[in-house]
Amino acid sequence: MKAVTFDQFNLNFQPLPKGKLVYTIDWESKPHRNQFIKSGKTQIQIEIKEDIWISETLVTQQLWTEIMTINPSKFIGQKKPVENISYNEIELFLIKLNKIADANVRLMTESEFLYA
């Protein structure tokens, strides 16, 4: 396990070893964004070429507010996960988190997510 720590906050990460995966997309299962364009099944090869670390810690509203100074969540609670945020807000959060914690945290790619 690895941890990114600053102030009273800890973000814990677990290793995901490199490897390969054959992922099957069933275009006829619903709901699917391309269900009216494609049919049948498609297999894709996913290869993760190096070990990666995946966060096991939710980003709480308390952590989000500490870094971003606002809490956009609809369901308020300091220990609850932050919600009601956009991709761009997440990217800005990660830039600030990396600067504050001297870390290198990023979002997973789609392939990494499917592999995990």
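Checked against (1) surrounded by 14 or more Cβ atoms within 10 Å (Cβ to Cβ); (2) in contact with a helix residue (DSSP H, G or I) (Cβ under 9 Å, 6 or more places away or on another chain); (3) touching a residue at least 24 places away in the same chain (Cβ under 8 Å); (4) not hydroxyl-bearing (Ser, Thr, Tyr), Glu112 passes all but condition (2). The one condition from (1) modelled with pLDDT of 95 or more; (2) closer than 19 Å to Phe113 by Cβ; (3) open to solvent by 50 Å² or more (accessible area, probe 1.4 Å) that Ile76 does not meet is (2). Tell me yes or no: at least one residue of the stretch 76-85 is under 23 Å from Lys2 (Cβ atoms) and not charged (D, E, K, R). There is at least one residue in the stretch 76-85 that is under 23 Å from Lys2 (Cβ atoms) and not charged (D, E, K, R).
Please verify whether the stretch 55-62 includes one or more residues that are among the acidic types (Asp, Glu), at pLDDT 95 or above and open to solvent by 40 Å² or more (accessible area, probe 1.4 Å).
Scanning the stretch 55-62, I find no residue that is among the acidic types (Asp, Glu), at pLDDT 95 or above and open to solvent by 40 Å² or more (accessible area, probe 1.4 Å), so the answer is no.
Determine if the stretch 15-35 includes at least one residue that is under 28 Å from Lys2 (Cα atoms) and surrounded by 13 or more Cβ atoms within 10 Å (Cβ to Cβ). Checked against the condition, which is being under 28 Å from Lys2 (Cα atoms) and surrounded by 13 or more Cβ atoms within 10 Å (Cβ to Cβ), the stretch 15-35 yields at least one hit.
The values are calculated or read from the model by the stated rules, or taken from the named source; none is laboratory data. Source: prediction; values computed, not measured. A quick note on method: Cβ atoms are made from the backbone with ideal geometry, for glycine too, and the neighbour counts reach across all protein chains shown. What goes into the accessible areas is simple: the full protein's heavy atoms, side chains included, and nothing from ligands, DNA or RNA. Shrake-Rupley method; radii C 1.70, N 1.55, O 1.52, S 1.80 Å.
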